[in-house]
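Following: one structure in structure tokens, then a few remarks.
The values are calculated or read from the model by the stated rules, or taken from the named source; none is laboratory data. Computed from a prediction, not measured in an experiment: that's the story for all the values here. Cβ coordinates were reconstructed from backbone atoms using ideal geometry, including for glycine residues, and neighbour counts include every protein chain displayed.
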């Protein structure tokens, strides 16, 4: 799988991984990724052609917005025919949002787009950045019979390759910072990188990449908690221009059955706001027909998010509304798996 013709483009957006120690001051500072081989000489041993593009200036992941995703999509689309794979270096805090968004925005993707980063700067002795970066590049370049092994948007972190739109950050300090609780890992890096071909997404037909650049951020996350007030819910649902709500409910999709709460849900739905029900739990999904409380949400017009992550639900709504779809079209698409982001129960297919 290694040869001099295999080429990978690294897109450095910012984040912890891009830090190195200033030898004069001892302070950690962003380094110029155009000089990546100087900072990570191990990359020369891979035998791949590696190029870099750097955001100017690099941005902290807490500053990432839809415009950042659009910029990444432009870079990938403009260079799509020049490289075998892409590695996006990104801060960890919003990496799952970016990976989810890219999975929808890069329609018909046929090459690897691997997001990675680190919990410690690449310039620190104990950094996890070098291993994450080197392995992400290997995965982005990996082929079998001339075809890429993982032609989808993924996150690689601490030995696990995960589908991007199934992944959530779970730790602010552990090296194993991400989890995909509702979908198995696509690969595991040990002595060898072991790929699980049966869970990797591949398009049935080989169509040209169709990049999308339209996102509508008039969406909100409403997380329920015991004691949430009518004023709070009413205020959120009456935000001017609001189009979509990701409703984080309890357990398998349960919520209060108070008259005022269900009334506000129905009122918002009748105004054309799409409300998607996802669970607050790390694993599992909503089953709105299982309990009476969830069923009342269904009767109010709330849409099931199944086992979607919050990150995938938010970015999917942004994507669908960005393309000026009608309320019903958005609802229909939220109940479909566009790119492997949710699992539809057999009885509902």
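A few comments on the model shown:
- Just one of (1) surrounded by fewer than 20 Cβ atoms within 10 Å (Cβ to Cβ); (2) touching a strand residue (DSSP E or B) at 6+ places or on another chain (Cβ under 7 Å); (3) modelled with pLDDT under 80 fails for residue 23. It is (2).
- Tabulated pairs, segment 245-258, first at positive phi, second buried (at least 24 other Cβ atoms within 10 Å of the Cβ) and in a strand (DSSP E or B), C-beta under 6 angstrom, 6+ apart or interchain: 253/277
- In segment 3-18, residue modelled with the lowest pLDDT [restricted to those that are over 22 Å from residue 65 (Cβ atoms) and either out of contact with any helix residue (DSSP H, G or I) (no Cβ under 7 Å at 6 or more places or on another chain) or assigned to a strand (DSSP E or B) (or both)]: 3
- Flag for residue 38 being at pLDDT below 95, exposed (fewer than 13 other Cβ atoms within 10 Å of the Cβ) and farther than 30 Å from residue 146 by Cβ: yes
- Scanning segment 199-211 for residues that are at pLDDT 95 or above and over 16 Å from residue 106 (Cβ atoms) yields one hit, 199.
- Residues that are surrounded by fewer than 24 Cβ atoms within 10 Å (Cβ to Cβ) and touching a helix residue (DSSP H, G or I) at 6+ places or on another chain (Cβ under 8 Å) were ranked within segment 138-158; the one that is nearest to residue 16 (Cα to Cα) is 158.
- Yes/no for residue 72 being within 28 Å of residue 38 (Cα to Cα) and in contact with a helix residue (DSSP H, G or I) (Cβ under 8 Å, 6 or more places away or on another chain): yes
- Across segment 99-113, the number of residues qualifying as in contact (Cβ under 8 Å) with a residue 60 or more places away in the chain and in contact with a helix residue (DSSP H, G or I) (Cβ under 7 Å, 6 or more places away or on another chain) comes to 8.
- Any chance residue 214 is surrounded by fewer than 15 Cβ atoms within 10 Å (Cβ to Cβ), closer than 18 Å to residue 325 by Cβ and in contact (Cβ under 8 Å) with a residue 12 or more places away in the chain: yes
- When residues in segment 304-320 are screened for being over 18 Å from residue 95 (Cα atoms) and crowded, with 24+ Cβ neighbours inside 10 Å, 4 of them pass.
- Counting only strands (runs of 3 or more DSSP E) that sit wholly inside segment 125-239, those with at least 1 residues that are in the same structural domain as residue 258 (by TED's automatic domain parsing) and in contact with a strand residue (DSSP E or B) (Cβ under 9 Å, 6 or more places away or on another chain) are 219-223.
- Of 277, 254, 270, all but one fail to be touching a strand residue (DSSP E or B) at 6+ places or on another chain (Cβ under 6 Å) and within 23 Å of residue 231 (Cβ to Cβ); the exception is 277.
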